[in-house]
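The values are calculated or read from the model by the stated rules, or taken from the named source; none is laboratory data. Values in this document were obtained by computation on a predicted structure and should not be read as measured data. Virtual Cβ from ideal backbone geometry, glycine too; neighbours counted across all protein chains shown.
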Amino acid sequence: MGFGRGFRIKVLQTVSFLKTMRICLITDTALKQGDEILQGFTGHSLQQESSIGKAFLYEVDYMAVLVEDEGKAVSTLKRIKSDLNLFLKPLLVLGYKNLEAYKSLSDEQILLPVKASEISNKLDSLNSIAEKFQDFNNNLEDLNEDQQKDICVLRYLSSRDEDFLSPERNTRSKVGYTYPLLRSLYDVAMGEEIDRLEILEETGLIRGSPIDNIHTCPECGLYNINFREVCPDCQSIKINQENTLHHFRCAYVGKEKDFASDHKLICPKCLKRLNHIGVDYDRPTENFWCDSCGLNFSEPQVSCFCLNCTNIFISEEAVHKSIKEYKITRNGYRAAKEGFLTESGWVGVFRKELNLYRYEVFEEILKLEINRCTRYKSHSTLIHFSLRKLETEKTANQLSDYKSLRHDLIRIFQDTFRNTDIATDVSPTDNLVVLTHTDQGSANRAMERLNEKLNLSFKGTIICLFALQELSVFEGDHHLLLNQLQARLDEKLVVEEKVEG
């Protein structure tokens, strides 16, 4: 089953809202009918299985874990939350000791022994979660595994009363914080799950509220940085702060202890006595001294030393990272319900950079632009383009770094389109753009240059297929224009798929 050796499964059934609710109870040892834990589930029929597979677990409505061995229980919870088909199932944890450690991986906790009424209340809470699943579209076949996991995160947030994700401090994490629930789901090193949350935030599906700011090493990405004061000249850490004197007569500057002689101040350079401050000498603000090079300075430089990879760098080069508590947005609720990442694909990469309009608004603007160009013979061109990722052997490596991909795409599109152009998204891969005051020939050259830049940056793994039409010479309404461009683009897509095949 994958939940560790020695686990037993019990299936509890109860009728709720005219539906039989099935509860899977995972324990270390088999429980007998008279056990006090089972007495708490009064009114439930019990069926015990000696062995059971995951396929059965997918059919139950709730899951419960009895904590008898802490390490084994945590391992079980993590395995449950790492399975796409079990991740969303309401989860109850029962145990005889403090259950705080299990809050991030479960929905409800019961400290045993307990009255039957409290167990009933907890089950009602789990049932309210399960009821929300009825609104979800379960057809996720068009999404890859990572996208399905993203949908699971959004559905988790939309189905729980606490619709937010909070990080936990953990010194074993590369950034000092972790989200245990998501780390199990995405199956990544501790702290790397934050990268997925940042992507969901960038695409507008969740919204983050900072709770801490950290700095990481630009070389290895870990937060284990020692900030050190060093000499601004030789970078030595052997610096000291000491009182400093400046003798006016000979201009000598030195440490006060070097002037001290039998309770008097004698200049070590000219051997003259210093009597009155402000007349014979003053005290400079440069009170730091380097024992390595002898430099006298007012403020040390802050240097960073990575305790993990020994990289040394100035503080300005440290990578700033914001640790956040995340809440689901309105678009996130919609994506969770529909099972479709409306902000995914290429559109999510440059939504802000292209200043995309809502499709309904874009249609109205397009109608006005067609009328304007027809009447005044102005030159504006409508482009329907689709970004396609070619499935080559080298694609996986070249496109694995999302942030690098995003940066390069933004740069290319900013070089191609102007802030006066009007754009909207049709799908996660398709966009419509009106290039204002641009004839069809110029628009065609702009798109060809865009493809050249894509080819140069991504070595042929991403191409842009497009169809375009100058508005002033088109006869018909905007619906006909959009349909014709879609048909032309579809023809190019068919040809491209044959070439790939």
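Listed residues Glu452, Glu491, Glu497; which is closer than 21 Å to Leu409 by Cα, out of contact with any helix residue (DSSP H, G or I) (no Cβ under 9 Å at 6 or more places or on another chain), surrounded by fewer than 19 Cβ atoms within 10 Å (Cβ to Cβ) and not hydrophobic (A, V, I, L, M, F, W, C)?
Glu452
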TODO: Tell me which of these Leu185 doesn't satisfy, since it passes every other one: (1) hydrophobic (A, V, I, L, M, F, W, C); (2) assigned by TED's automatic domain parsing to the domain that holds Arg273; (3) within 23 Å of Ser75 (Cβ to Cβ).
DONE: (2)
TODO: Could you identify the single residue in Leu111, Leu31, Leu38 that is at pLDDT below 90, surrounded by fewer than 18 Cβ atoms within 10 Å (Cβ to Cβ), touching a Gly at 6+ places or on another chain (Cβ under 8 Å) and not aromatic (Phe, Trp, Tyr)?
DONE: Leu111
Task: Members of the range 293-336 found to be touching a Cys at 6+ places or on another chain (Cβ under 6 Å) and of a type in the set (Ser, Thr, Tyr), listed by number - done: Ser315
TODO: Scan the range 95-108 residue by residue and report those that are out of contact with any helix residue (DSSP H, G or I) (no Cβ under 9 Å at 6 or more places or on another chain) and surrounded by 13 or more Cβ atoms within 10 Å (Cβ to Cβ).
DONE: Leu99, Lys103
Task: For Leu471: the one exception among (1) within 20 Å of Asp415 (Cα to Cα); (2) modelled with pLDDT of 90 or more - done: (1)
TODO: Return the only residue of Asp163, Asp233, Asp195 being within 14 Å of the chain's Cα centre (by Cα) and surrounded by fewer than 21 Cβ atoms within 10 Å (Cβ to Cβ).
DONE: Asp195
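Residues in the range 274-283: is at least one within 26 Å of Thr216 (Cα to Cα), at pLDDT below 90 and over 24 Å from the mean Cα position of the chain (by Cα)?
The first filter runs over the range 274-283 and keeps only residues within 26 Å of Thr216 (Cα to Cα), leaving none.
Checked the range 274-283: no residue is within 26 Å of Thr216 (Cα to Cα), at pLDDT below 90 and over 24 Å from the mean Cα position of the chain (by Cα).
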TODO: Among the candidates Leu197, Leu140, single out the residue that is in contact with a Gly (Cβ under 6 Å, 6 or more places away or on another chain), on the phi < 0 side of the Ramachandran plot and in contact (Cβ under 8 Å) with a residue 12 or more places away in the chain.
DONE: Leu140
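Being loosely packed, with under 14 Cβ neighbours inside 10 Å, modelled with pLDDT under 90, of a type in the set (Ser, Thr, Tyr) and at negative phi narrows it down to one of Tyr333, Tyr359, Tyr376, so name that one. Before the answer, list the steps.
Details: Tyr333 fails: loosely packed, with under 14 Cβ neighbours inside 10 Å; Tyr376 fails: modelled with pLDDT under 90.
Among Tyr333, Tyr359, Tyr376, only Tyr359 is loosely packed, with under 14 Cβ neighbours inside 10 Å, modelled with pLDDT under 90, of a type in the set (Ser, Thr, Tyr) and at negative phi.
Residue by residue through the range 82-107, note down the ones that are under 15 Å from Cys24 (Cβ atoms) and not in a loop (DSSP other than H, G, I, E, B). Give the derivation first.
Applying the first criterion (under 15 Å from Cys24 (Cβ atoms)) to the range 82-107 yields 83, 85-94, 106-107.
Scanning the range 82-107 gives Leu91, Leu92, Val93, Leu94.
Here's the yes/no breakdown for (1) within 20 Å of Lys149 (Cα to Cα); (2) in contact (Cβ under 8 Å) with a residue 40 or more places away in the chain:
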site	(1), (2)
Tyr58	yes, no
Ala64	no, yes
Thr76	yes, yes
Asn85	yes, no
Gly95	no, no
Task: Considering residues of the range 202-218 that are among the charged types (D, E, K, R) and in contact with a Ser or Thr (Cβ under 9 Å, 6 or more places away or on another chain) only, the residue surrounded by the most Cβ atoms within 10 Å (Cβ to Cβ) - done: Arg207
Task: strands (runs of 3 or more DSSP E) lying entirely in the range 258-326 (those with 1 or more residues that are surrounded by 13 or more Cβ atoms within 10 Å (Cβ to Cβ) and not hydrophobic (A, V, I, L, M, F, W, C)) - done: 301-306
Open item on the list: Going residue by residue through the range 188-199, is there one that turns out to be in a loop (DSSP other than H, G, I, E, B) and among the β-branched types (Val, Ile, Thr)?
Closed with: yes
TODO: State yes or no: is Tyr333 touching a helix residue (DSSP H, G or I) at 6+ places or on another chain (Cβ under 9 Å), hydroxyl-bearing (Ser, Thr, Tyr) and assigned to a strand (DSSP E or B)?
DONE: no
- [ ] Among residues belonging to the range 393-426 that are among the polar types (S, T, N, Q) and loosely packed, with under 13 Cβ neighbours inside 10 Å, point out the one that is modelled with the lowest pLDDT.
- [x] Asn397
- [ ] Answer yes or no: is there a residue in the range 146-169 that is in contact (Cβ under 8 Å) with a residue 60 or more places away in the chain, over 22 Å from Thr329 (Cβ atoms) and in a strand (DSSP E or B).
- [x] yes
